[in-house]
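Below is one structure, written out as structure tokens; the observations come after it.
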Amino acid sequence: MGYREVAEKDHHARTMSLGAEKPNTKTSPLPTSKKRTSSWSDIWLKNTTPLKNVIFAMQLASPKDSKFKPTHKTLIPNWANIDRTSLLSDEILLEILAKLPESQRKPNSLVCKRWLNLQGRLVRSLKVLDWSFLHSGRLISRFPNLNQVDMLYGSLISDQNSGILLSYRMFSFHTGSEFSPKQRVSESNFKLLPPEVVDRGLDALSSGCPNLRKLVVIGASEMGLLSVAEECPTLQELELHKCSDNVLRGIAACENLQVLKLVANVEGLYSSVVSDIGLTILAQGCTRLVKLELCGCEGSFDGIKAIGQCCQMLEELTFCDHRMDGGWLAALSYCENLKTLRFQSCKRIETIPGPEEYLGACPALERLHLQKCQLRDKKSVRALFMVCGAAREIVFQDCWGLDNDMFRLASTCRRVKFLSLEGCSVLTTEGLESVILPWKELECLRVVSCKNIKDKEISPALSTLFSTLKELQWRPDTKSLLPSSVFGTSIGKKGSRFFRKTRDLKMLFDDQNLLLDFIHR
């Protein structure tokens, strides 16, 4: 091939390459072609964010023991070892834990320290068993939102290494092996923390729990209770053991106190004095009391009168093993809004009731309850029923000395709608009938474990009265439960006999024998 032929081929090749070049839009008269659209593969490769999300989701869905390990790096390394609840705020996690039942809250507090602290913020009520836990400040840091605290058992000094648990009255504490079952419980077996130690605990508690609403304490002094009154303005319920007149000066500053229980004397354990002085101080300071319970307290007419005149909102008054002087019962007439009057474990109701013309009645009284009381003095029992003449509900439970003559004194109360007799072993059917037959407004009758009230002694007049009652529970001669044949019916729900006003029942009760058969059926 000659030189000329080679040069022509080279010129032809350069001409072809120039023809394949993109024409200039400014000089070329020909229209340009449209721009080629991007393919899905180009978009997928350029935008890698969706791809990473897909790979991340596939990694989460893959089993942990998979043999195929991804070659790329995950967005969140070691995801399986991260606590996912850490992404939740304390407020959200608290709402979740608060919806759990009580049985699951304690096990959940063992998950981690954060859950333990959050669970402590949900606790509202607590009994202090170890005083050092309170004195060290750990109780406040562990449970910052407490509103009910019981410091009673934490104030007792007992041998924790002893396996002997002694229960006496309302207390249970450990005692040494030297104690004998025949030995009488005394103050030597019952030791309390010094008042200054209790005051320091109250100061720490009141400063850490300003929203305290209920407090149970024993052995505190006036200064300790003053710190509680100043730091806890929302305190509404207080139970104070081993209190005296001087101590009551401290709680007189609790202006919003509504429920108060004073325990001055517990036979065999401790004794202190609450007299008219303390009751007057209490009445002048705590004017918003609604419920008051006096256990082992002394006093007389003046103290109860001060409570009635100052505490105008008082609706419930309880005397437990009281040591009141003669004549105090007449002061109850000053409690104009009193609705419930209770006597518990009282050896006597009144020693010298005084002339009957000086005994006023409680106009708003609705309920009179006597539990485990000794009713042996007719004058005091008569005075009690005269003061409670407007009562609609009367309850006797395990009262000694309630015979027919004593029970007939209750006929003074003519507006009774509910009567309950339990454990009155001396009362007979005749005595019961003589009192309840004149009560035209009686609707409910409950007679349980009164062995001298016999079914065979029921008269036709009494059986007719039974037919008019809305509710009757009649088990006078036994404490056993109703037979299983009545379970699941309306009779077996409360272990009672219910009688309704129907024509068939009235015809049934016209015959005494049919009545007795209906009761024992």
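The values are calculated or read from the model by the stated rules, or taken from the named source; none is laboratory data. Remember, predicted model here, so these are calculated numbers, not experimental data. Methodologically, a virtual Cβ is constructed for each residue, glycine included, from the backbone with ideal geometry; neighbour enumeration extends over all protein chains shown. Each accessible area value is taken on the protein alone, full model and side chains, heavy atoms only, with ligands, DNA and RNA left out. Shrake-Rupley method; radii C 1.70, N 1.55, O 1.52, S 1.80 Å.
Just a few scattered comments:
- Contacts under 9 angstrom Cβ, first residue in segment 348-363 being closer than 24 Å to Leu314 by Cα, partner β-branched (Val, Ile, Thr) and open to solvent by less than 20 Å² (accessible area, probe 1.4 Å), 6 or more apart: Ile349/Val381; Glu350/Val381; Leu359/Val387; Gly360/Val387; Ala361/Val387; Cys362/Val387
- So Ser207, is it polar (S, T, N, Q), part of a helix (DSSP H, G or I) and at pLDDT below 95: yes
- Residues in segment 383-392 that are open to solvent by 50 Å² or more (accessible area, probe 1.4 Å) and either acidic (Asp, Glu) or outside any helix (DSSP H, G or I) (or both): Arg392 alone.
- One residue alone among Gly224, Gly176 is open to solvent by less than 20 Å² (accessible area, probe 1.4 Å), more than 29 Å from Phe343 (Cβ to Cβ) and modelled with pLDDT under 90, and that residue is Gly176.
- Pairs, first farther than 14 Å from Phe301 by Cβ in segment 313-337, second of a type in the set (Ser, Thr, Tyr), C-beta under 7 Å, six or more apart: Glu315/Thr340; Glu316/Thr340; Cys320/Ser345; Asp321/Ser345
- Filter result (farther than 21 Å from Pro210 by Cα, of a type outside the set (Val, Ile, Thr) and crowded, with 23+ Cβ neighbours inside 10 Å) within segment 249-282: Leu262, Ala264, Gly278, Leu279, Leu282
- The set of residues in segment 91-148 being hydroxyl-bearing (Ser, Thr, Tyr) and either surrounded by 15 or more Cβ atoms within 10 Å (Cβ to Cβ) or in a helix (DSSP H, G or I) (or both) consists of Ser103, Ser109, Ser132, Ser141.
- The listed residues are Phe518, Phe499, and the only one of them that is open to solvent by less than 10 Å² (accessible area, probe 1.4 Å), touching a helix residue (DSSP H, G or I) at 6+ places or on another chain (Cβ under 9 Å) and at pLDDT below 90 turns out to be Phe499.
- Given (1) among the acidic types (Asp, Glu); (2) modelled with pLDDT under 90; (3) open to solvent by less than 40 Å² (accessible area, probe 1.4 Å), number of the condition Asp199 does not satisfy: (2)
- Among the residues making up segment 331-358, a single one is outside any loop (DSSP other than H, G, I, E, B), crowded, with 22+ Cβ neighbours inside 10 Å and either at pLDDT below 90 or small (Gly, Ala, Ser) (or both): Ala331.
- From the list Leu215, Leu240, the lone residue that is under 20 Å from Leu279 (Cβ atoms) and either within 23 Å of the chain's Cα centre (by Cα) or among the β-branched types (Val, Ile, Thr) (or both) is Leu240.
- Residues in segment 315-330 that are surrounded by fewer than 22 Cβ atoms within 10 Å (Cβ to Cβ) and in a loop (DSSP other than H, G, I, E, B): 5 in all.
- Condition check for Gly303: open to solvent by less than 10 Å² (accessible area, probe 1.4 Å), in a helix (DSSP H, G or I) and closer than 26 Å to Ala330 by Cα: yes
- Among the residues of segment 366-380, not one is modelled with pLDDT of 95 or more and in a helix (DSSP H, G or I).
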